[in-house]
Amino acid sequence: MVATGTRVKAGLVIAAALVLAGCSGGGLTPIGATTTSSKPAAPAAKLTGAPVDGTKGVTVNTPVTLTADGGTIKDVALVDGAGKAVAGKPGADGKTWSSTGQLDFGQTYTYDAKALNADGKPTNLHGSFSTVAPGTLVRGMLNIDDGGEVGVAAPIVLQFSGHIDDKARAAVEKALSVQSDQPNTGSWGWLPDSDQGSRIHYRTKEYWAPGSKINVTANLYGVSYGGNAYGKADLTLAFTIGRSQIVRADVNTHKMTVLRDGKEVATYDASMGSGASQDRVTRSGTHVVTEKWQDKDMSNPPYYEHAHERWAVRISNNGEFIHANPNTVGDQGNSNVTHGCINLSTADAQAYFGTAMYGDPVEVTGSDVALSSADGDLYDWAMGWDQWQALSALR
């Protein structure tokens, strides 16, 4: 009896131990039970803007950018002081946003943006900045008509309505682009200021390839020109290079030859500058056709005033023209008697006039005075290529 009671007591003790073990925090996990763990919260996205809040005097060609670190940008509003929105677009990865619309001078802009972290929790950003208020807005003007056709020696002239400081010229030049669908090597060069203001020309190393399609882009809006002057507007230009027509005038043979696309199409008897004085010499060098008139009133004091000439083609701004002159027909082809112009007969001058185009080169040889900067505003081809390249602010 005693032994049996002892066994019963031991069984109670063992059962109790099992119950305690099942209720404790340690030990084995009961069959069929599952475990859980808590995921840490994602860090908040960091959202930054440029220009930073409170910036003053921002140039209007500065892009507004927002960047999210550890998140994606979802909502952006960029507005001016009147609430007018400025357009923009997100980056491909959703972590950036950049303005694409144009900022205005002398405005205060406000941006509000939101970025979401991995948990979808937002980070908000608010900021404002003000743009520069210019003292002067300077216009740029291009010399070739949009959609026009020009000769193979045509320079691209960008004339400004004010002065561009020397220290600002590199930035201006970086804003200029010339694209051609055919190989054409060229360079910009700064020439001395004209009466209107500063000017920069684009000239090719060799003549343009005939038929080339040229596109010019001048991203000048908001570019600083120095002295609190800024670019007023961007410019674009598209034009075509026409056929190759090169005129060759020889002072010593008294002949003017026209070559079109490499073939001689006409040779005219001519009379050129007499050389009686330095101002009566037809300059040697490559001139450029710039203008033409069927009838032109010409004056060259003290030699003559208000002479009526026909079929006049200007080849430099020092007064050199190719034009008809019946009074020198007897000298044409055998002697030089003019005051510097190239004289042809009326019939020959009219025939040539009909073919002349802005940008055609006129190569004069044989005189003892070379075309130079003293002869007007288109003496670009009077310089060698190295000399021309040296006029660039980027060299």
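The values are calculated or read from the model by the stated rules, or taken from the named source; none is laboratory data. These figures come from a predicted structure and were not determined experimentally. Every residue, glycine as well, gets a Cβ built from its backbone with ideal geometry; the counts of neighbours run over all protein chains shown. Quick note on the areas: whole protein, heavy atoms, side chains included, nothing else; ligands and nucleic acids left out. Shrake-Rupley method; radii C 1.70, N 1.55, O 1.52, S 1.80 Å.
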Completion exercise
Going through segment 200-215 in order, the residues found to be within 11 Å of Pro155 (Cα to Cα) and not in a loop (DSSP other than H, G, I, E, B) are Ile200, His201, Tyr202, Arg203, Thr204
Practice task
Filter segment 82-134 for residues that are outside any loop (DSSP other than H, G, I, E, B), aliphatic (A, V, I, L, M) and under 23 Å from Asp234 (Cα atoms) and give the result.
Solution key: Ala85
Fill in the blank from the handout: (1) more than 35 Å from the chain's Cα centre (by Cα); (2) without any contact (Cβ under 8 Å) to a residue 24 or more places away in the chain; (3) over 17 Å from Ser335 (Cα atoms) all hold for Thr257 apart from (3)
Practice task
Identify, by number, the condition in (1) among the hydroxyl-bearing types (Ser, Thr, Tyr); (2) open to solvent by less than 20 Å² (accessible area, probe 1.4 Å); (3) in contact with a Ser or Thr (Cβ under 9 Å, 6 or more places away or on another chain) that Tyr352 doesn't meet.
Solution key: (3)
Exercise for the section: Would you check if Asp331 is touching a residue at least 40 places away in the same chain (Cβ under 8 Å), farther than 28 Å from Val152 by Cα and not small (Gly, Ala, Ser)? Expected result: yes
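One line per residue, one yes/no per condition, for (1) over 14 Å from Pro51 (Cα atoms); (2) crowded, with 17+ Cβ neighbours inside 10 Å:
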{"site": "Val86", "(1), (2)": "yes, yes"}
{"site": "Gly94", "(1), (2)": "yes, no"}
{"site": "Ser99", "(1), (2)": "no, yes"}
{"site": "Asp104", "(1), (2)": "yes, no"}
{"site": "Thr110", "(1), (2)": "no, no"}
{"site": "Ala113", "(1), (2)": "no, yes"}
{"site": "Asp119", "(1), (2)": "yes, no"}
{"site": "Leu125", "(1), (2)": "no, yes"}
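Which one is most open to solvent (accessible area, probe 1.4 Å) among residues in segment 305-332 that are more than 18 Å from Lys292 (Cα to Cα) and among the polar types (S, T, N, Q)?
Within segment 305-332, the match that is most open to solvent (accessible area, probe 1.4 Å) is Asn327.
Is it the case that some residue within segment 280-293 is on the phi > 0 side of the Ramachandran plot and open to solvent by less than 80 Å² (accessible area, probe 1.4 Å)?
The answer is yes; a qualifying residue exists.
Okay, residues lined up against (1) within 25 Å of Ser373 (Cα to Cα); (2) assigned to a loop (DSSP other than H, G, I, E, B); (3) touching a Gly at 6+ places or on another chain (Cβ under 8 Å):
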site	(1), (2), (3)
Gln294	no, no, no
His306	no, no, no
Gly319	yes, yes, yes
Gly330	no, yes, no
Gly333	no, yes, no
Asn336	yes, yes, yes
Thr355	no, yes, no
